[in-house]
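Just so you know, all these numbers are worked out from the coordinates, no wet-lab data involved. A quick note: this is a predicted structure, and the numbers were derived from the prediction, not measured. Positions of Cβ are backbone-derived with ideal geometry, glycine not excepted, and every protein chain shown enters the neighbour counts.
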Amino acid sequence: MSPELIQYIQTFDDGREPALENLGGKGASLVSMTAAGMPVPPGFVVTTACYDAFVAEAGIAKQVTTLLDGLDADNVEEVDRVSAAIREDLCSRPVPDTARRAVVEAYTALMEICGDGAPVAVRSSATAEDLPDASFAGQQDTYLWLSGLPAVTEHIRRCWASLFTSRAITYRLKNNIPNEGLSMAVVVQKMVNARVAGVAITMNPANGDRSKLTIDSSWGVGEMVVSGQVTPDNIVMDKITLQVVSEHIGDKHAELVPDAASATLVEREVSADRTGIRSLTDAELTQVAKMAKRAEKHYKCPQDIEWAIDADLPDGENLLLLQSRPETVHSNGTAGQQPTASSQPKNPATGAFDLGSITQSLMGTGR
């Protein structure tokens, strides 16, 4: 890539430092983990320089600031109106030619690695997200199983616009996070054809016990776990011995799987014989736990990771790390504001506590 374009793109493995101001929280984490030799699917980051060039050429920075100035976070109707106006403006402006060429070159190179037409995920990576003292989970957009350059470029723009969702605007206002200097990077990454996926937290999120780690897992792509659409299997393990301390088999009633005919992800009902068994084998459970511990050691603080087991790769090579962020509930002393196991809803079918929802309740409603 020419020097003129390289400021707009950083591949996960090109050796440059994972600067937060260029890559956002998610992008910086993926670059850092790739450099550390962790099993991260290939991809690239559309840097904040690309978004900044877009906003500068569109000439809308002042207008955005004016709309946000003096906005009352509790005036939901006005926040929604301002959010819609800003996002509509961002989605209607042309992208600078150099920035677009950089994305085209990076996407073409990724397809050469993964195979032409390989599906990708396009994920927002804001500069203020995934920080130890902030929890922006789910506030900006993620798009899965996209194929072809037109779809990718369209959804990069949608990610930029999602910097100004009502939820994101309100969160920044209520937490006194300034809008000035705010920027957005976007991650474009090869999709994993997940047989099983989920999250892991390198502590017990129910009580903050750092001698334990917790794994939530379910069939198919992990988005149904992180969005709370299914009750996953929930396993608590001893962090040193990796012995199972407790486990709850979730109902896992549905899964997101690729559909060849529509070239998209579709929701499919899980058969009864699979809902009643644990979605991870003992060996896979140990692998996930070890990878979570490795991420914690790398970042030197408790981690909240996303992982997936790829159905197309052989055993031993099929566990992939999709994201790692600092755990922000117990690490920040805000655990008292969160639900505990005793306050979790009960499963109407069994009368038992839905322990699989504990991790979800502590993480928020999305990624």
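If you fit an axis through the alpha-carbon atoms of helix 282-299 and take the longest principal axis of the Cα set of the chain, what angle between them do you get, 0 to 90°, nearest 10?
50
Angle, helix 76-92 long axis vs. longest principal axis of the chain, Cα atoms, 0 to 90°, nearest 10?
60
Please report, in whole Å, how far the alpha carbons of the chain spread along each principal axis, starting with the longest.
57, 48, 40
Can you check what the net charge comes to around residue 302, using other residues whose Cβ is under 12 Å from the Cβ of residue 302 (Lys, Arg +1; Asp, Glu -1)?
Surrounding charge for residue 302 is +3.
Skipping prolines and chain starts, which residues have an amide H placed within reach, meaning under 5 Å, of the one on residue 209, given they are 5 or more residues away or on another chain?
204
Along segment 193-200, what does the Karplus equation 6.51 cos²θ - 1.76 cosθ + 1.60 (θ = phi - 60°) give for ³J(HN,Hα), rounded to whole Hz, x for Gly and Pro?
Going residue by residue, I get 7, 6, 7, 9, 7, x, 10, 9 Hz, with x marking Gly and Pro.
What does the charge count near residue 247 come to, summing +1 for each Lys or Arg and -1 for each Asp or Glu among other residues with Cβ under 9 Å from its Cβ?
Taking every other residue near residue 247 into account, the sum is 0.
Helix 97-114 against the longest principal axis of the chain: what's the angle in degrees, Cα atoms only, rounded to the nearest 10?
With both axes taken from Cα atoms, the answer is about 30 degrees.
Over the alpha-carbon set of segment 211-262, work out the extent along each principal axis and list the three values in angstrom, largest first.
Principal extents (largest minus smallest coordinate, Cα): 45, 18, 15 Å.
How many lysine pairs are close in the chain, with Cα atoms under 13 Å apart and the two 8 or more places apart or on different chains?
Lysine pairs satisfying the spacing and distance rule in the chain number 6.
Can you compute log10 of I(q)/I(0) for segment 133-284 with the Debye formula, treating each Cα as one identical point scatterer, at q = 0.11, 0.13 Å⁻¹?
-0.59, -0.79
Of all the stretches in the chain, which is the longest one without any exposed loop site, taking GluC sites (Glu not before Pro) in a DSSP loop (any state but H, G, I, E, B) with at most 13 other Cβ atoms within 10 Å?
Longest site-free region, per DSSP loop and neighbour criteria: 1-179.
Describe numerically, in nm with one decimal, the distance between label points set 7 Å from Cα along Cα→Cβ at residue 85 and at residue 297.
That separation, rounded to one decimal, is 5.3 nm.
Binning at 10 angstrom from zero up to the longest distance, how are the C-alpha pair distances of segment 1-141 distributed in percent?
10, 33, 36, 16, 4
Where does the chain land at 222 nm, in deg cm²/dmol rounded to the nearest 500, when only DSSP H runs of n ≥ 4 count, each adding -39500 (n - 2.57), divided by all residues?
After summing the helix terms and dividing by residue count, I get -10500 deg cm²/dmol.
Treating the beta-carbon of each Lys and Arg as +1 and of each Asp and Glu as -1, no other charges, what is the dipole magnitude of segment 132-274 about its Cα centre, to the nearest 20 debye?
Dipole of segment 132-274, to the nearest 20 debye: 420 debye.
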